[in-house]
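A.B. asks: Sharing a structure below in structure tokens format, with a few things to ask.
Please treat every number below as a calculation from the coordinates, not as lab data. This is a predicted model, so every value here is computed, not measured. All Cβ positions, glycine included, derive from the backbone under ideal geometry; neighbour counts span all protein chains shown.
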Amino acid sequence: MNKHLAITLLALLGLFAQAAAQRLDPITWEASVEDNSADGATARLSAKVEKGWHLYGLNLPDDGPNATAITFELPAGVELDGPLEPSRPPIEKYDPIFSLKLSWWDTDVAFTQRLKITDGMAHSIPVKVFFQGCNDQTCISPQRLTLDITAGTGAVATEEAPLPSEDVARTAQTTASKAQTPRDIDSSGWWEPVDPEMLDPHSADTAALVGSSPWWLIFIWGFGGGLLALLTPCVWPMIPMTVSFFLKKSGSRAKSVRDAAIYGLSIIVIYLALGLAVTAIFGAGTLNELSTNAWFNLAFFLLLLLFAISFFGGFDIKLPSKWSNSVDNKAETTSGLVSIFFMAFTLALVSFSCTGPIIGTLLVEAATMGDMTGPAIGMGGFALALALPFSLFAMFPSWLKGAPRSGGWLNSVKVVLGFLELALALKFLSVADLAYGWGILDREVFICLWVIIFAMLGFYLLGKLRFSHDAPVETVGIGRFFLSLVSLSFALYLVPGLWGAPLKGVSAFVPPLYTQDFNLYEGGRFEEFDDYDEGMAYAAEQGRPVLVDFSGYGCVNCRKMEGAVFDTPAVSSIIKENFVLIKLMVDDKTKLSAPVTVEENGKKVELETVGDRWSYLQRHKFGANSQPYYIVLDNSGRPLTPPTYYDESVSKFVAWLENGLKAYAAE
């Protein structure tokens, strides 16, 4: 489905069902019983996971997002018989946002638990499920639900109160602690549900609910890599030679154009096959792990460092000469389409010393995007850019007269690529450094190295820095001048980051701000409340509007918003000077002093943790359950603006805050 069409449809749905546009149910559960007999049964809990979402694993670090938990409240006469077994192992990935290795399922999964019945009777067993789901754009609040199963085929047991099994569940709370009413939670007007019309469903950022299409980015990177490969000394001189060969061999321009087109198509087929081979060899599961596995990233760092040294002239990466000789002989001894194909294969082998590092970098980047089709798409873009000139120059031979001649500039292209490879290599070393907490590449160290790399690149383009195989640069051309201007300007742009500037333009590459040892920008940060009622009371005393931020420790995009938007001076100063910020973590595991039972959608829901309380507030008051979720309130708890969601545009967020201030002043 076209992305814009999907966004439009979501917006139209919002007109008719505003709650449905915000209340997401990407993970649904069903319970069933298998192999049921008088002495035992198998309980099966099936989770249906929508495409693009994932369900967190059973075992996660305590300071990470919420793990999935399934507990059986076992009555007398029923025992667990073995561990809880998922139908397949979860995907394991290192998450640089949390600096933790996490696990999850991104497709449907089932959990089975064997139960042993010791009294020969049938029992009704409540099964409690606690889970959280996320996608690339948002997370839903942690949810608790109770599923009932019946195990055993004997007479029905009549236990009044099943007791939780000690090894898998907490001791049940007393009846008195569960008997509290919603009034204990909903004790002020601040908790009153908001009229859906005040939330203006037209403004909901429905784009945040639509998955991104990273394959376009992979294709563009591949195409750009192919264009760079054309400008290397291994490929560029081959263009006039190959085109001239076709013109002389064919005898007619029409046939030479056809042969050149087949030649270009053969190049595409060869490199596309390479991308497909990478996917077939590694498999989709392994490619998903590449992006965050620390050892893979360390290996990628060493590989890209090797490529950079090769481009700097340290050595050439060549395939065995007998390979190219063998393929060349095939091209000479065959005829027709087969001969043209082997000529294209010869080009791929002979030019490998220049194209190999570019292809290797492209495959690494494509694989680490976690898409199993990434390598094939990237290679398709690379091959298309590489093949186009051969076909176009064969169709229009006169263009060759205006093409730049081979010379020292081709070697300069290789050196420039070497600098870029070196800078990119540090990104992969940073991931491994964060994974193991080595602390060797903190944010300021990383930025310092990038400043030096891009400054040296600028000086190289101006001829102030030369390698052993470089010819002296007597004059600086217009192209070199502007490229050096870009490189030196970028180096200066990075300098404030040494003292804690956000550097939003490169936030996806540099280490997170918390690794910064010295930060001059911390003075611009603002205080925040972590309790809704306390924050609302303080705002009423101070006469300020309230900015409510529903967030979560397990919400990746909440962390991105904090780094890319909230930590910027423009947003930070507006909030600090004009708002009372209340940040509510919907997955806070801190226990309430006593569980509270509330009624929601005709069912009784038990709130056990602080996170449960804030999640209920978001659902009860705003009819939403996804994070990040931001809304501006007045001192009576009424919205002053429609809510906003994940969007890293600082200007949009500033305008949204200013609209809230204007609405507050107009009251």
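A.B. asks: Arrange the peptides 416-426, 573-583 so that the one whose residues have, on average, the most other Cβ atoms within 10 Å appears first. Spell out each step's value before the answer.
C.D. replies: On the way: 416-426: 20.7, 573-583: 17.7.
With the highest mean Cβ count within 10 Å placed first, the list reads 416-426, 573-583.
A.B. asks: Do the alpha carbons of any pairs in K51/K128; K560/K583; K48/K128; K128/K560; K621/K662 sit beyond 27 Å of each other, and which pairs?
C.D. replies: Working: K51/K128 25 Å; K560/K583 15 Å; K48/K128 17 Å; K128/K560 32 Å; K621/K662 23 Å.
Listed pairs above 27 Å: K128/K560.
A.B. asks: Would you kindly state how much longer the chain becomes between R144 and R88 on full extension, computed as 0.36 nm times their sequence separation minus their alpha carbon distance, in nm to one decimal?
C.D. replies: Working: separation 56, 0.36 × 56 = 20.16 nm, distance 2.27 nm.
So the chain would gain 17.9 nm between R144 and R88.
A.B. asks: What's the FRET efficiency of W499 with N578 using the Cβ-Cβ distance as r and R₀ = 25 Å, to the nearest 0.05?
C.D. replies: That pair, W499 with N578, gives E of 0.45.
A.B. asks: List, in order, the whole-Hz ³J(HN,Hα) value for each residue of the range 39-49 obtained from phi through the Karplus relation with A = 6.51, B = -1.76, C = 1.60 and θ = phi - 60°; use x for Gly and Pro.
C.D. replies: Per-residue couplings from phi come out as 10, x, 7, 10, 7, 10, 10, 9, 10, 9, 10 Hz.
A.B. asks: For A69 and W438, what does the FRET efficiency come to when R0 = 25 Å and r is the distance between their Cβ atoms, rounded to the nearest 0.05? Intermediate values should be presented prior to the final figure.
C.D. replies: Working: r = 32 Å, r/R0 = 1.30.
Efficiency at R0 = 25 Å is approximately 0.15.
A.B. asks: Follow-up question, since we're still on this one. Determine the gain in length on full extension of the stretch K116-E667; use 0.36 nm per residue of separation and subtract their C-alpha separation, reporting nm with one decimal. Walk me through the numbers before you get to the answer.
C.D. replies: Values: separation 551, 0.36 × 551 = 198.36 nm, distance 6.45 nm.
Taking 0.36 nm per residue and subtracting the Cα distance, the gain is 191.9 nm.
A.B. asks: A follow-up question, please. Around R44, what is the net charge, scoring Lys/Arg as +1 and Asp/Glu as -1 over all other residues with Cβ under 15 Å from its Cβ? Please list the in-between numbers first.
C.D. replies: Numbers: positive: K48, R88, R114; negative: E30, E34, D35, D81, E85, D108, D148.
Every neighbour counted, the sum reads -4.
A.B. asks: Let me ask something else about it. How far is it, in nm, from the label point at V269 to the one at W295 when both lie 7 Å from their Cα along the line to the Cβ?
C.D. replies: 3.9
A.B. asks: Taking 25 Å as R0, compute the FRET efficiency from the Cβ-Cβ separation of L58 and E600 and round it to 0.05.
C.D. replies: It comes out at approximately 0.40.
A.B. asks: Okay, next question. Stretch A570-S32 to full length: gain in nm at 0.36 nm per residue minus the Cα-Cα span?
C.D. replies: Details: separation 538, 0.36 × 538 = 193.68 nm, distance 5.36 nm.
Stretched out fully, the A570 to S32 stretch lengthens by 188.3 nm.
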